[in-house]
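Asker: Before we start, here is the structure in question, set down as structure tokens.
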Amino acid sequence: MENSKPMSTPMFQKLMLCKEDGAEKVNEAEFRSLVGCLMCLVTTRPNILQAVSLLSKFKHVSKVHLQADKRVLRYVKGTLDYGVRFKYDQEFNFHGFFDSD
């Protein structure tokens, strides 16, 4: 993964993952380990939440699922400067922003 090309999006726009897609089966332990690491990363990278949520639904996985998992990692690699930063302050002020799109 160190030499992999970074991605600009965590998933393909029209990615359809199925339980039985006919693709070659892969090591499920590796897939689950990657999903588990991504779930921990979601706490500071909420922009990958949808992709990680979709990937975590699958127990029996194929090469297509693993490629989607690795795409999220490649996205994270390309966006290392993104994230949520929590800063300590004497006075607690909570500010929230959202985009209505």
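Asker: Kindly list, by first and then second residue, each pair from a residue in the range 7-31 that is free of Cβ contacts under 8 Å to residues at least 60 places away in the same chain to a residue that is surrounded by 10 or more Cβ atoms within 10 Å (Cβ to Cβ) and part of a strand (DSSP E or B), limited to pairs with Cβ atoms under 6 Å and residues at least 6 apart or on different chains.
Answerer: Hits for this filter: 21/62; 23/62; 25/62.
Asker: Taking the criterion of being within 26 Å of residue 98 (Cα to Cα) and assigned to a loop (DSSP other than H, G, I, E, B), would at least one residue in the range 46-53 satisfy it?
Answerer: Within the range 46-53, the first condition is being within 26 Å of residue 98 (Cα to Cα), and the residues that meet it are 46-53.
Narrowing further to those that are assigned to a loop (DSSP other than H, G, I, E, B): none.
No, every residue in the range 46-53 fails to be within 26 Å of residue 98 (Cα to Cα) and assigned to a loop (DSSP other than H, G, I, E, B).
Asker: Please go through the range 55-73 and pick out each residue that is surrounded by 17 or more Cβ atoms within 10 Å (Cβ to Cβ) and either part of a helix (DSSP H, G or I) or touching a residue at least 40 places away in the same chain (Cβ under 8 Å) (or both).
Answerer: 55, 58, 62, 64, 65, 66, 68, 69, 71, 72, 73
Asker: So is residue 10 within 9 Å of the chain's Cα centre (by Cα) and assigned to a loop (DSSP other than H, G, I, E, B) or not?
Answerer: yes
Just so you know, all these numbers are worked out from the coordinates, no wet-lab data involved. Source: prediction; values computed, not measured. Cβ atoms come from the backbone with ideal geometry, glycine included; neighbour counts cover every protein chain shown.
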